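The values are calculated or read from the model by the stated rules, or taken from the named source; none is laboratory data. No experiment lies behind these values; they were computed from the predicted model shown. Here the Cβ positions follow ideal geometry from the backbone for every residue, glycine too, while neighbour counts run over all protein chains shown.
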Amino acid sequence: MKILIAEDDTISRRMLEKVFNGQGYEIFSAADGAAAWRILEEPDHPHLLVLDWMMPGLTGVEIVQRVRERPDGHTYYIIILTSLDTPADTSFALDGGADDFVSKPYHADSLRSRANVGKRIVSLYEKLSEKMRLLEEAHATISHLAATDELTGLYNRRFFNEHFTQSLSAARRYSFPLSLIMADIDKFKTVNDTYGHAAGDKVLKAFADILRTVGRTEDICARWGGEEFIILLGHTSCAGAIIVAERVRSVMEAECQRITSIAVTVSLGVAELNGDEDAEALLKRADSALYRAKDEGRNRVVVG
Ligand SMILES: [Mg+2]
């Protein structure tokens, strides 16, 4: 474990180094408070500190106060070393944030034992922060999984619905336009029946890639279920949504065969939020536009 020794008196500093030499410590030595602080500003600096109180530049107690103000200030173990040893001095150092207080002259074994207590505490904090990091990672993974469709990597219906509700109320409150595109892959059942489900999955993934490429970064593209997809376009009027839908349609028509070896098209329904209409009504209008696109011969964009 790394240990910082800060002591301005050269002989005392050598003695301190001797106390911790060969005890499994990596020793960082500082000849005054400013040098100690520089070490504490380096990455991967010691968290176990033995500081003389009286030093030029910064005193040991001032260093304690500064360290404790850091966001991870609680993860340090700090022993203050001093010839000031009245009860008032002890209280001042401990109340100021030091973990332990050792008067000079000290006994080497006793100082080592006190430093070992600090070593246990610091390694406990290290283990704790590693556990915290792993937990945060796991939480990020879980959040990602909860929002994502496994096959296509697009958002899932659950995430979409949460986002949809928020965007809808924001659009109403600040009166900006908002549009929806519902897309359904044409004759998808025939693809599955003719080429098998693996080929069907390939088509779904290819369409998801097209949505990611054609969709603008601020659009929310999700798999609505089966071969049905949905795109939420904030700050976008019907005219803007038609342009996006038409691009999706034409890229699918042009690229699907090249990507999957199967020629597949897509039908799309577009609707822009109207006045006080709720989420369900808007969805219904986009959905009926989609059905009309199917009825009118597929591979087309229809406005609801
Ligand atoms: Mg001193």
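For a quick check of your reading of the model, give me the residue pairs whose first member lies in segment 41-65 and is assigned to a loop (DSSP other than H, G, I, E, B), whose second is surrounded by fewer than 23 Cβ atoms within 10 Å (Cβ to Cβ) and basic (Lys, Arg), with beta-carbon atoms closer than 8 Å and at least 6 apart or on different chains.
Asp44/Lys2; His45/Lys2; Pro46/Lys2; His47/Lys2; Leu58/Arg66
Specify the residue that is nearest to Ala34 (Cα to Cα); the eligible residues are those in segment 77-110 that are out of contact with any strand residue (DSSP E or B) (no Cβ under 6 Å at 6 or more places or on another chain) and in contact (Cβ under 8 Å) with a residue 40 or more places away in the chain.
If we take residues in segment 77-110 being out of contact with any strand residue (DSSP E or B) (no Cβ under 6 Å at 6 or more places or on another chain) and in contact (Cβ under 8 Å) with a residue 40 or more places away in the chain, then Lys104 is nearest to Ala34 (Cα to Cα).
If you check Ser91 against the conditions, is it more than 16 Å from the ligand (Cβ to nearest atom) and under 25 Å from Ala108 (Cα atoms)?
Yes: the conditions hold for Ser91.
I'd like the full set of residues that are surrounded by fewer than 16 Cβ atoms within 10 Å (Cβ to Cβ) and either outside any loop (DSSP other than H, G, I, E, B) or not assigned by TED's automatic domain parsing to the domain that holds Gly22 (or both), limited to segment 95-111.
Asp95, Ser103, Ala108, Asp109, Ser110
Tell me which residues, restricted to segment 246-257, are farther than 17 Å from Phe160 by Cβ and surrounded by 21 or more Cβ atoms within 10 Å (Cβ to Cβ).
Of the residues in segment 246-257, the ones farther than 17 Å from Phe160 by Cβ are 246-247, 249-257.
Across segment 246-257, the qualifying residues are Arg249, Met252, Cys256.
Within segment 70-79, does at least one residue satisfy the condition of being in a helix (DSSP H, G or I) and either among the basic types (Lys, Arg) or within 14 Å of the ligand (Cβ to nearest atom) (or both)? Let's see the steps before the verdict.
Filtering segment 70-79 down to residues in a helix (DSSP H, G or I) leaves 73-75.
Next, from what is left, pick out any that are either among the basic types (Lys, Arg) or within 14 Å of the ligand (Cβ to nearest atom) (or both): none.
The answer is no; no qualifying residue exists.
Here are some conditions: (1) within 16 Å of the ligand (Cβ to nearest atom); (2) modelled with pLDDT under 95. Ala31 meets all but one. Which one does it not meet?
(2)
I'd like to verify a number: residues in segment 210-234 that are exposed (fewer than 15 other Cβ atoms within 10 Å of the Cβ) and either more than 26 Å from the chain's Cα centre (by Cα) or aromatic (Phe, Trp, Tyr) (or both), how many? Talk me through it step by step, then tell me what you get.
Of the residues in segment 210-234, the ones exposed (fewer than 15 other Cβ atoms within 10 Å of the Cβ) are 212-213, 216-218, 225-226.
Subset that is either more than 26 Å from the chain's Cα centre (by Cα) or aromatic (Phe, Trp, Tyr) (or both): 225-226.
The number of residues fulfilling the criteria is 2.
What do you reckon, is Ile121 within 23 Å of Thr10 (Cβ to Cβ) and modelled with pLDDT of 95 or more? Break it down stepwise before answering.
Numbers: within 23 Å of Thr10 (Cβ to Cβ): no; modelled with pLDDT of 95 or more: yes.
Criteria not met by Ile121.
Filter segment 175-209 down to residues that are crowded, with 18+ Cβ neighbours inside 10 Å and among the aromatic types (Phe, Trp, Tyr) and give me whichever is farthest from Glu246 (Cα to Cα). Break it down into steps so the answer makes sense when it comes.
So the first thing to find is which residues in segment 175-209 are crowded, with 18+ Cβ neighbours inside 10 Å, and the list is 178-186, 188, 191, 200, 202-204, 206-208.
Next, only the ones that are among the aromatic types (Phe, Trp, Tyr) stay: 188, 207.
Values: Phe188: 20, Phe207: 14 Å.
That would be Phe188.
Mind counting the residues in segment 113-150 that are farther than 30 Å from Arg223 by Cα and not hydrophobic (A, V, I, L, M, F, W, C)?
Going through segment 113-150 one residue at a time, the tally reaches 14.
Would you be able to tell me the number of residues in segment 51-69 that are more than 16 Å from the ligand (Cβ to nearest atom) and either over 34 Å from the mean Cα position of the chain (by Cα) or crowded, with 16+ Cβ neighbours inside 10 Å (or both)? Break it down stepwise before answering.
To start, the set of residues in segment 51-69 that are more than 16 Å from the ligand (Cβ to nearest atom) comprises 65-69.
Checking the rest, the ones that are also either over 34 Å from the mean Cα position of the chain (by Cα) or crowded, with 16+ Cβ neighbours inside 10 Å (or both) come to 67.
So the answer is 1.
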